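Visitor: Structure provided below as structure tokens; questions to follow.
None of the figures in this text is laboratory data; all of them are computed from the coordinates on show. Keep in mind it's a predicted model, so treat the numbers as computed, not measured. Reconstructed Cβ throughout: ideal geometry from the backbone, glycine too, with neighbour counts over all protein chains shown.
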Amino acid sequence: MRFIGFEKIFAFEPNVELVHPLIQEYHTCADIQIFPFAISSSNGSTQLHLFRGKKALEPKVYDHLSSLEFHEKSLLPDFLEYHRIETVPMRSLSSLIQDKILPSSVGFLKVDTEGHDFFVFEGMSTNCQCELIMFEFHSRNHWGNLPHLPQQEDIMRYLRKLGYVFFISLWQDLEGKYRFTPNTPVLTSQVWGNTICFQNEVLFEKAYVYTKSLMPLSP
């Protein structure tokens, strides 16, 4: 099995219930490597908080959702509940590059950690070069937003220091319409989406024109 457009995939999943079936499924694929640990700003171990969907409301949809960050139980939506906590190993991207487990240059880095994305980038350092980066964000008053942690604008500010100075955020508004916002944080409350980060201005401009042909531009 090959994924079109990717020569090699490195994937990280700390939830043991998910990672072992994935390793078994792809163990014969030389171009896919799956690692059973979390990515963060340093090496060691940490607690993984596992959620599950309340069966009467959302069967299986949110089972196995997890985060290294604690979400206040009182703020969780009606369809979600805590399941349990596991202690899991964690590594930084920089240390994986130093140990030659990862290459120093990759085409695309996708980060989706349910609130821990900033710390993944803290552990990236300048020895990791990515043509494109994508991270998840939750805007103000969304249940997935953790106000005590770095927000979308904080991550964008940090990545600018690493040379990623162009951004396109893709998100769905409260009416279910898809929109995009270039180069500034999403101001609409209670939404979530993904931000794509570019170093190359020409690539950003091409992505901007293509995205604008598909969905409305929002401030």
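Visitor: Calculate one ³J(HN,Hα) per residue across segment 104-112 by plugging θ = phi - 60° into the Karplus curve 6.51 cos²θ - 1.76 cosθ + 1.60, and present them in order as whole Hz with x for glycine and proline.
Guide: 7, 10, 9, x, 8, 10, 10, 10, 8
Visitor: Name the shape class, rounded, prolate or oblate, that the alpha-carbon gyration tensor gives for segment 158-219, where a ≥ b ≥ c are the square roots of its eigenvalues, rounded holds for a/c under 1.5, and otherwise prolate holds if a/b is larger than b/c and oblate otherwise.
Guide: Oblate.
Visitor: Can I ask one more? Excluding residue 168 itself, what net charge comes from residues whose Cβ is under 12 Å from its Cβ, given Lys and Arg +1 and Asp and Glu -1?
Guide: Numbers: positive: 179, 206, 212; negative: 205.
After counting each charged neighbour, the total is +2.
Visitor: Compare the Cα positions of 27, 71, 127 along the charge dipole of the chain (+1 at Cβ of Lys, Arg; -1 at Cβ of Asp, Glu; about the Cα centre) and return the one farthest towards the positive end.
Guide: Farthest towards the positive end: 127.
Visitor: Hand me the trypsin sites (Lys or Arg not before Pro) from segment 134-219 located in a DSSP loop with no more than 15 other Cβ atoms within 10 Å, in residue order please.
Guide: Filter output for segment 134-219: 140, 177.
Visitor: Which residue, chosen from 211, 138, 93, occupies the Cα position most advanced towards the positive end of the dipole of segment 92-219, where the dipole is computed from +1 (Lys, Arg) and -1 (Asp, Glu) charges on Cβ about the Cα centre?
Guide: 211
Visitor: Students often get this wrong, so try it: which of [x] 62, 34, 34; [y] 52, 40, 37; [z] 43, 42, 34 is Cα extents along the principal axes in Å as calculated from the structure shown?
Guide: [z]
Visitor: Per DSSP helix of 4 or more residues, -39500 (n - 2.57); summed, then divided by the residues of the chain. What does that give at 222 nm, rounded to the nearest 500?
Guide: -6000 deg cm²/dmol
Visitor: Still on this structure, I have one more. Under 8 Å for C-alpha pairs, at least 6 residues apart: give me the relative contact order for segment 55-155, rounded to a whole percent.
Guide: It rounds to 28 percent for segment 55-155.
Visitor: Could you tell me which of rounded, prolate or oblate describes segment 92-219, using a ≥ b ≥ c as the square roots of the eigenvalues of the alpha-carbon gyration tensor, with rounded for a/c under 1.5 and, failing that, prolate when a/b is larger than b/c and oblate otherwise? Don't jump to the answer; show the numbers that get you there.
Guide: Working: a/c = 2.31, a/b = 1.37, b/c = 1.68.
Oblate shape, in that a/c is at least 1.5 and b/c is the bigger or equal ratio.
Visitor: Taking the Cα centre of the chain as the origin, how large is its charge dipole in debye, to the nearest 20, when only Lys and Arg (+1) and Asp and Glu (-1) carry charge on their Cβ atoms?
Guide: About 220 debye.
Visitor: ³J(HN,Hα) across segment 128-135 via Karplus (A = 6.51, B = -1.76, C = 1.60, θ = phi - 60°), whole Hz, x for Gly/Pro?
Guide: 10, 10, 10, 5, 9, 10, 10, 10
Visitor: Taking the alpha-carbon distance from residue 54 and a cut-off under 30 Å, which lysines remain once sequence neighbours fewer than 8 residues away in the same chain are dropped?
Guide: 73, 110, 177
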